[in-house]
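Written out below as structure tokens is the structure these notes cover.
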């Protein structure tokens, strides 16, 4: 059951990206990402009100916690812009390379307050296979 | 080339976002964190729209948008809740692998039926990538076990 929710999340990521990119195609990617965030903001405000939770206190909020919101805009801009051109499978593949490099850098150097755990050399085998998979996609 | 670099960069921010949001969730709550994220997103997206998309301030184009696509926000928020649900209930390697499979299945569907970018090679490539992910997950699993064993012996 839990595994199914993880699978479903993968499906939904593509659906949301696709919906935004289609909306972008009929208007502009800038409109699509604005719609998504303003709409999500309104919906989540209602959810918070319903749950009787207060909004987050912006006063003592560290600056780095503002980043995810900005990143979220870029994620949609990029997906809407890139997916129609290279296709969603390619988008997933290159996304994965970026994810792999970043998560290894974070772990290796202990960035962003995460625990430091040096890169396991045996993992290079798996990474070579991932790279091979991406090369096959281009053939 | 630019498209691939952007796709790569998207991977970078996709990793950083849950790290920061995870930290903030521990301090506040899931909904508050998501709310902040959408609030900052709404402000920055509106600014970007005003700067780059000012030719769009008419309303004619809204009729051209298929109403299905407006549901993206509901699924987007549902997605955050799903991720929060399984993140603490699945072993780390499955958190990477299962959504990847879900994405690939849906991605192949979208490419084949909707944007006509499907090729058999991409499917084979995705399979090979999955194998690589799986192998590394096993390495990580063994590594974690060994470390746990060492720690236990150290404490005796």
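Per residue, how big is the convex hull of segment B:1-131 when only Cα atoms are used? Give it in Å³.
161
By how many degrees, 0 to 90 and rounded to 10, does the Cα axis of helix B:92-109 deviate from the longest principal axis of chain B?
40
So if the hydrodynamic radius of segment A:87-139 is defined as the Kirkwood radius over C-alpha pairs, what does Stokes-Einstein give as its diffusion coefficient at 4 °C and 1.567 mPa s, in µm² per second?
Roughly 106 µm²/s, to the nearest whole number.
Mind checking the angle between helix B:2-27 and chain B's longest principal axis? C-alpha axes, 0 to 90 degrees, to the nearest 10.
70
Hull surface divided by four, with the convex hull built on the Cα atoms of segment A:1-83: how many nm²?
The directionally averaged projection comes out at 7.3 nm².
How large is the helix-only mean residue ellipticity at 222 nm for the protein assembly as shown, computed as the sum of -39500 (n - 2.57) over DSSP H runs with n ≥ 4, divided by its residue count, in deg cm²/dmol to the nearest 500?
Result for the protein assembly as shown, helices only: -26500 deg cm²/dmol.
Treat the count of other C-beta atoms within 10 Å as a stand-in for reagent exposure and order B:100, B:38 from fewest to most.
In increasing order of surrounding Cβ atoms, one gets B:100, B:38.
In Å, the Kirkwood hydrodynamic radius of chain A over pairs of distinct alpha carbons?
Hydrodynamic radius (Kirkwood, Cα pairs) of chain A is 18.1 Å.
Beyond 30 Å, what share of the Cα-Cα pairs of the protein assembly as shown is found? Please give it as a whole percent.
Within the protein assembly as shown, distances greater than 30 Å cover 33 percent of Cα pairs.
Compute the relative contact order of chain B as a whole-number percentage, counting only Cα pairs closer than 8 Å that sit 6 or more residues apart in sequence.
About 14 percent, as a whole number.
Could you work out how far helix B:30-52 tilts from the main Cα principal axis of chain B, as a 0 to 90 degree angle to the nearest 10?
40
Spin-label point model (7 Å from Cα, Cβ direction): what's the residue B:148 to residue B:51 distance in nm?
4.8
Under a GNM of chain B (C-alpha, springs under 10 Å), which listed residue has the highest mean-square fluctuation: B:21, B:136, B:121?
Looking only at B:21, B:136, B:121, the biggest GNM fluctuation is shown by B:121.
I need B:111, A:107, A:60, B:66 ordered by Cβ neighbour count within 10 Å, fewest first.
A:60, B:66, A:107, B:111
Neighbour counts of other C-beta atoms within 10 Å: give me A:100, A:5, B:71 arranged from fewest to most.
Least to most surrounded, the residues fall as B:71, A:5, A:100.
Starting from 0 in steps of 10 Å, tell me what percent of the Cα-Cα pairs of segment B:91-156 lands in each bin.
Histogramming segment B:91-156 at 10 Å steps yields 19, 34, 22, 14, 8, 3, 0 percent.
Values in this text are rule-based calculations from the coordinates and carry no lab data. Because the structure is predicted, anything quoted here is derived from the model rather than measured. Methodologically, a virtual Cβ is constructed for each residue, glycine included, from the backbone with ideal geometry; neighbour enumeration extends over all protein chains shown.
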